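Reviewing the structure listed below.
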Amino acid sequence: MKQHLASKNVVVLDARSRNAYRRAHIPGARNADLFHYFVPGTDGENLNAFHRDLESKLGRLGLKGDERAIVYESGFGMRAARVAWMIEYAGMKNPLILEGGFRTWQNSKYPVENRRRVLVPSEFNANFNPAVLATAGYVRSLSSSGTGFVLDVRSRGEYEGSEKRECCPRSGRVPGAVWLEWTNFLSGKGGFQSRRSINKQLRSRGLRSSSNIAVYCHRGARAAAAFYALRSMGYTRTRNYVGSWHEWSSKKNFPAELGGATT
């Protein structure tokens, strides 16, 4: 990343909070704090609203859509992955996530700054990529037909239904979902687990690189990290259900399961 920092077509996006960005950031980075951005649903009306809003937000970051983006957070986890997934869904090709994040950058004694970058808003014309998005309808189809896998990457309590978020009308999980908590993909050293470790975990649950997979959590952030873990393993048919349990639990006609984990 240090070698390419001055490259013309490389844009660096800081996915941390605004306050963290103001204290210090990688030189030239733009603050893209989209972690708390809420996608209300994946039906046509809500997706159209999401599309308009996302285009506006990316345009205010001065993005046009043809840049090569590198995204980072404090360490390595869901914040950068969420931003990376959003810009990839909007049509930006192959975003990268910085291993180790800002913490490793600082520990490496690389330069930082606290000067806020003055951005010139642009018109971001998105080319939305449906191949990385799972809608509620798509997830329901996988759940009922058995033609793929629904991967729940929340905590065990959320999966089994003993833990409930206040904003969700119901607790539980998508029927038939396989459970693998998202932290199992992380090494604890600022990156993903080894390919061997990830592959072993996925295959033990029946998942294969040719499988249709929809990953979900509460609202698509932890799922974004899992999405990139699977994609890094060649699981190219993986999609992020960005509406996640928040949307699913609000649909009264959508079934839910409770109880012990299906691992």
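The values are calculated or read from the model by the stated rules, or taken from the named source; none is laboratory data. This structure is a prediction, so every number in the text was calculated from the model and none was measured. Cβ atoms come from the backbone with ideal geometry, glycine included; neighbour counts cover every protein chain shown. Just the protein is used for accessible areas: all its heavy atoms, side chains included, with ligands, DNA and RNA removed. Shrake-Rupley method; radii C 1.70, N 1.55, O 1.52, S 1.80 Å.
Which three numbers, in whole Å and largest first, are the semi-axes of the equivalent ellipsoid of region 1-136 derived from its Cα gyration tensor as √(5λ)?
Sorted largest first and rounded, they come to 26, 15, 14 Å.
Counting only complete DSSP H runs, which helices of the chain cover 15 Å or more along their long axis at the Cα atoms and score a mean Kyte-Doolittle of 0.0 or above?
Counting only whole DSSP H runs, the qualifying helices are 78-89, 221-232.
Going by average Cβ density within 10 Å per residue, which order do the peptides 194-203, 110-119, 93-102, 53-62 take, highest to lowest? Walk me through the numbers before you get to the answer.
Working: 194-203: 14.1, 110-119: 11.6, 93-102: 18.7, 53-62: 17.2.
Ranking the peptides 194-203, 110-119, 93-102, 53-62 by packing returns 93-102, 53-62, 194-203, 110-119.
Express the relative contact order of the chain as a whole percentage, based on alpha carbon pairs under 8 Å and six or more residues apart in sequence.
This gives 20 percent for the chain.
Before I look further, what does region 143-197 give for accessible area per residue, probe 1.4 Å, in whole square angstrom?
Using a 1.4 Å probe on heavy atoms only, each residue of region 143-197 averages 50 Å².
Take the alpha-carbon centre of region 182-242, take the same for region 129-171, and report the distance between them in whole Å.
Measuring centre to centre over Cα atoms gives 14 Å.
What does the convex hull of the Cα atoms of region 80-174 come to per residue, in Å³, rounded to a whole number?
Details: hull volume 20.1 nm³, N = 95.
Spelled out: Cα convex hull of region 80-174, divided by residues, is 211 Å³.
Using a simple spin-label model with points 7 Å from Cα along the Cα→Cβ vector, what separation in nm is obtained for Lys64 and Ser122?
Simple spin-label model gives 0.5 nm for this pair.
Which of Ser143, Ser249, Ser108 moves the most in a Gaussian network model of the chain with Cα springs under 10 Å?
Of Ser143, Ser249, Ser108, the most mobile in the Gaussian network model is Ser108.
So how do 218-231, 122-135 stack up, highest first, on mean other-Cβ count within 10 Å?
218-231, 122-135
Working out 0.36 nm times the residue gap between Asn107 and Glu45, then minus their Cα-Cα distance, what length gain in nm do you get to one decimal?
Working: separation 62, 0.36 × 62 = 22.32 nm, distance 4.54 nm.
Stretched out fully, the Asn107 to Glu45 stretch lengthens by 17.8 nm.
Please calculate how many Å² of accessible area region 1-81 carries per residue, with a 1.4 Å probe and no DNA, RNA or ligand atoms counted.
I get 47 Å² per residue for this part.
How many percent of the accessible area of region 80-122 is carbon or sulfur, using a 1.4 Å probe?
Summing carbon and sulfur atoms, their accessible area is 48 percent of the total for region 80-122.
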